[in-house]
Amino acid sequence: TILEKGEEVPTSKKNPDTRRMELSQHLRVSLVDLCQKHAGELLRSTSGGKVLREVNRAFSNAEVIKSIVKACDEKVDDDDEKLPIFEDPVGHLVVKHLLTDDAESGEEKEKSNSFSTLLYKKFKGKLMSSIGTSNRGAFVLTALAKVDAVKDDVIAELLKHNSDIKALVDEHQSKKAGFLALWNEIQPSTK
């Protein structure tokens, strides 16, 4: 369909849902390949992040999810201008949205292949040191702690750093919303 004078005008004789399904199946291989090969770049782009989320929702491809998790763990050189993905202004939001998608997913995905499960496994034992060192990373951990598949394990690990998280809340007066959200999420009294 196209928009003409504010109204949608069909460009195909087929039912729009049928046409959308046919197009998505035709583009599937190309989109999955794109996301696998360029996950790191897509994570750092607002438009690219939308592509990753939609491909993950529509096709839920294990290789794409592995590529995203691998991109989250890429090391950044000191002389490189890029920030780590969990500190990147766009990247942390894309990761957070992917986690939120997992948390809100109505369908029962294979938990061992979900983005949240693979991300947790990758950073297990080092959630605070790898992800939670920045305010933006704290927002990512807050989202991860809301996913039922990993919630108990994530909160148990983060509770070991309870005093560190509280210190970060107290220390960062102007930019502490992420740390505060994380602190509130892991407190037993808030459940």
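The values are calculated or read from the model by the stated rules, or taken from the named source; none is laboratory data. Remember, it's a predicted structure, so these values are computed and weren't measured experimentally. Every residue, glycine among them, receives a Cβ derived from its backbone with ideal geometry; neighbour counts consider all protein chains shown. Please note that ligands, DNA and RNA were not included when accessible areas were found on the heavy atoms of the full protein model with its side chains. Shrake-Rupley method; radii C 1.70, N 1.55, O 1.52, S 1.80 Å.
Residues are listed down the side, and each one gets a yes or a no for (1) modelled with pLDDT under 80; (2) open to solvent by 90 Å² or more (accessible area, probe 1.4 Å):
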| site | (1), (2) |
| --- | --- |
| GLU4 | no, yes |
| SER12 | yes, no |
| PRO16 | yes, no |
| ARG20 | yes, yes |
| HIS26 | no, yes |
| VAL29 | no, yes |
| ASP33 | no, no |
| LYS37 | no, yes |
| ARG44 | no, no |
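Sort through LEU99, LEU83 and tell me the only one that's open to solvent by 50 Å² or more (accessible area, probe 1.4 Å) and among the aliphatic types (A, V, I, L, M).
Among LEU99, LEU83, only LEU83 is open to solvent by 50 Å² or more (accessible area, probe 1.4 Å) and among the aliphatic types (A, V, I, L, M).
I need the full set of residues from the stretch 115-132 which are open to solvent by 10 Å² or more (accessible area, probe 1.4 Å) and in contact (Cβ under 8 Å) with a residue 24 or more places away in the chain, in order please.
THR117, LEU118, TYR120, LYS122, LYS124, GLY125, MET128, SER130, listed by residue number.
Report yes if some residue within the stretch 58-75 is polar (S, T, N, Q), assigned to a loop (DSSP other than H, G, I, E, B), under 27 Å from VAL154 (Cα atoms) and open to solvent by less than 20 Å² (accessible area, probe 1.4 Å); otherwise report no.
No: the stretch 58-75 contains no residue that is polar (S, T, N, Q), assigned to a loop (DSSP other than H, G, I, E, B), under 27 Å from VAL154 (Cα atoms) and open to solvent by less than 20 Å² (accessible area, probe 1.4 Å).
What number of residues within the stretch 76-98 are of a type in the set (A, V, I, L, M, F, W, C) and either under 30 Å from LEU23 (Cα atoms) or not in a loop (DSSP other than H, G, I, E, B) (or both)?
Of the residues in the stretch 76-98, 5 are of a type in the set (A, V, I, L, M, F, W, C) and either under 30 Å from LEU23 (Cα atoms) or not in a loop (DSSP other than H, G, I, E, B) (or both).
Looking at ASP152, ASP170, which one is in a helix (DSSP H, G or I) and under 18 Å from ASP102 (Cβ atoms)?
Answer to the selection: ASP152.
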